[in-house]
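Here is the structure we will look at.
The values are calculated or read from the model by the stated rules, or taken from the named source; none is laboratory data. If you're wondering where the values come from, they're calculated on a predicted model, not measured in any experiment. Ideal geometry is used to build each Cβ from the backbone, glycine not excepted, and the neighbour counts take in all protein chains shown.
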Number of protein chains: 2
Amino acid sequence: MKNEKAEEIFRKFLKEEKNRITPERFEVLEYALEYDGHFGADDLFILMKNSKSRVSRATVYNTLELLVQCGLLSKRNFGDNISRYESNFKRQQHDHLICVDCGKIVEFSDSRIFNLPEKICNDLGFELDSYSFNIFARCKDKKTCKKS
Amino acid sequence: MKNEKAEEIFRKFLKEEKNRITPERFEVLEYALEYDGHFGADDLFILMKNSKSRVSRATVYNTLELLVQCGLLSKRNFGDNISRYESNFKRQQHDHLICVDCGKIVEFSDSRIFNLPEKICNDLGFELDSYSFNIFARCKDKKTCKKS
DNA sequence: ATTGCTGCAAAACGTTTGCACCTAT
DNA sequence: ATAGGTGCAAACGTTTTGCAGCAAT
């Protein structure tokens with residue numbers, strides 16, 4: 001069994017928040033951490049369905065929100081009005097650049113951003129929860145940039 | 001008649017792109033510039049419907065995209081999977097802080113962000129199109145922070 | 001025993017599309 | 001004349017909800 005650490009974190013979170021510990025929720029966690037890259041809630045549901053899982057759509061949506069709340073996943077939006085999730089587990093802070101022509105997503109880390117959200121919150125009288133910084137751009141190399 | 005300058009810009013854009021110049025499109029422009037703050041496409045459609053306008057939903061959606069393309073509006077997403085628009089007309093560059101408790105949106109300008117998207121694009125081999133920088137936070141002053 | 005969670009299906013929501021008619025060019 | 005835009009309604013894809021049964025506490 002993999003990701004024992006993540007399961008541990010999730011179990012602790014569920015207990016603290018007085019949410020029930022169910023096998024379905026851990027099944028969603030398993031699949032979410034296994035997923036390579038960003039995924040929509042429905043992508044995960046369909047993947048699980050195809051893998052003969054019996055977990056329902058409602059449970060997938062519900063559980064993904066819980067996993068965001070306990071910090072194991074991040075919820076992103078790349079401008080197409082679909083919520084996408086991404087594992088935070090063992091990953092460093094990063095932001096996203098999306099090619100508006102081919103849809104490619106590049107992850108980057110830039111030290112100039114690191115504590116900017118925190119500073120801005122302090123200036124404005126808020127407590128930071130999270131932030132999203134997306135750059136929309138075009139590949140300079142047109143050979144590898146294919147419209148889908 | 002107000003916003004002659006914006007109409008001028010829109011007319012020029014439509015001509016250049018070989019899009020037709022129709023009264024419906026200018027009616028959408030008029031309402032969009034008049035709208036105070038951020039609005040969803042459907043908000044605008046309903047407002048226009050209530051004002052006895054005969055413009056259709058499809059035309060509103062279509063025209064708002066054109067207005068984004070010609071730079072008169074910005075399209076934003078504040079994490080709830082709804083596209084929101086905002087007039088760029090006579091406004092300076094700014095970003096948004098959204099209170100996750102009460103939904104309040106605060107606009108801010110921070111010089112540390114100004115040319116960051118451009119620089120990052122250069123580093124990564126892309127041409128900047130646009131960017132979105134949203135901070136999600138909580139009001140420190142709980143008296144003015146009401147859950148909706 | 002009590003809630004809360006689940007699966008399922010249906011509904012809701014914002015958005016897009018198909019089509020027949022119309023209109024700017 | 002003709003390509004493109006319009007209004008309308010229906011379809012779409014994602015997400016949420018209602019409900020009866022089930023299972024964790």
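In the stretch B:60-97, what residues are under 20 Å from residue B:19 (Cα atoms) and in a loop (DSSP other than H, G, I, E, B)?
B:70, B:71, B:72
Scanning for something farther than 24 Å from residue B:103 by Cβ and not aliphatic (A, V, I, L, M), does the stretch B:33-46 turn up at least one residue?
no
Tell me which of these residue B:122 doesn't satisfy, since it passes every other one: (1) more than 30 Å from residue A:142 (Cβ to Cβ); (2) modelled with pLDDT of 95 or more; (3) polar (S, T, N, Q).
The number of the failed condition is (1).
Output the number of the condition that residue B:55 fails; it satisfies all remaining conditions of (1) farther than 21 Å from residue A:136 by Cα; (2) near DNA strand C (Cβ under 10 Å from one of its atoms).
For residue B:55, the failing item is (2).
Keeping to the stretch B:42-66, report how many residues are within 12 Å of DNA strand D (Cβ to nearest atom) and aliphatic (A, V, I, L, M). So that I can check it myself, show each step before the final result.
Kept after step one, since they are within 12 Å of DNA strand D (Cβ to nearest atom), are these residues of the stretch B:42-66: B:42, B:45, B:48-49, B:52-66.
Subset that is aliphatic (A, V, I, L, M): B:48, B:55, B:58, B:60, B:64, B:66.
Residues meeting the conditions: 6.
Considering only residues that are β-branched (Val, Ile, Thr) and either free of Cβ contacts under 8 Å to residues at least 40 places away in the same chain or within 8 Å of chain B (Cβ to nearest Cβ) (or both), look in the stretch A:82-113 and name the one that is nearest to DNA strand D (Cβ to nearest atom).
Looking only at the stretch A:82-113, we keep the residues that are β-branched (Val, Ile, Thr), and these are A:82, A:98, A:100, A:105-106, A:113.
Adding the requirement that they be either free of Cβ contacts under 8 Å to residues at least 40 places away in the same chain or within 8 Å of chain B (Cβ to nearest Cβ) (or both) leaves A:82, A:98, A:100, A:106, A:113.
Working: A:82: 5, A:98: 16, A:100: 18, A:106: 22, A:113: 25 Å.
So, considering only residues that are β-branched (Val, Ile, Thr) and either free of Cβ contacts under 8 Å to residues at least 40 places away in the same chain or within 8 Å of chain B (Cβ to nearest Cβ) (or both), the one nearest to DNA strand D (Cβ to nearest atom) is A:82.
Looking only at the stretch B:114-137, how many residues end up being out of contact with any Ser or Thr (no Cβ under 9 Å at 6 or more places or on another chain) and at the interface with another protein chain (Cβ under 7 Å from one of its Cβ atoms)?
Total satisfying the criteria: 10.
Out of all the residues in the stretch B:38-59, is one or more at the interface with chain A (Cβ under 9 Å from one of its Cβ atoms), in a loop (DSSP other than H, G, I, E, B) and within 24 Å of residue A:135 (Cβ to Cβ)? It would help to see each step written out before you state the result.
Filtering the stretch B:38-59 down to residues at the interface with chain A (Cβ under 9 Å from one of its Cβ atoms) leaves none.
No, every residue in the stretch B:38-59 fails to be at the interface with chain A (Cβ under 9 Å from one of its Cβ atoms), in a loop (DSSP other than H, G, I, E, B) and within 24 Å of residue A:135 (Cβ to Cβ).
Being touching a Lys or Arg at 6+ places or on another chain (Cβ under 8 Å), in a strand (DSSP E or B) and crowded, with 17+ Cβ neighbours inside 10 Å is the filter here; which residues of the stretch A:102-133 pass it?
A:126, A:132
Condition test on residue A:45, is it within 13 Å of DNA strand C (Cβ to nearest atom) and among the aromatic types (Phe, Trp, Tyr)?
Criteria met by residue A:45.
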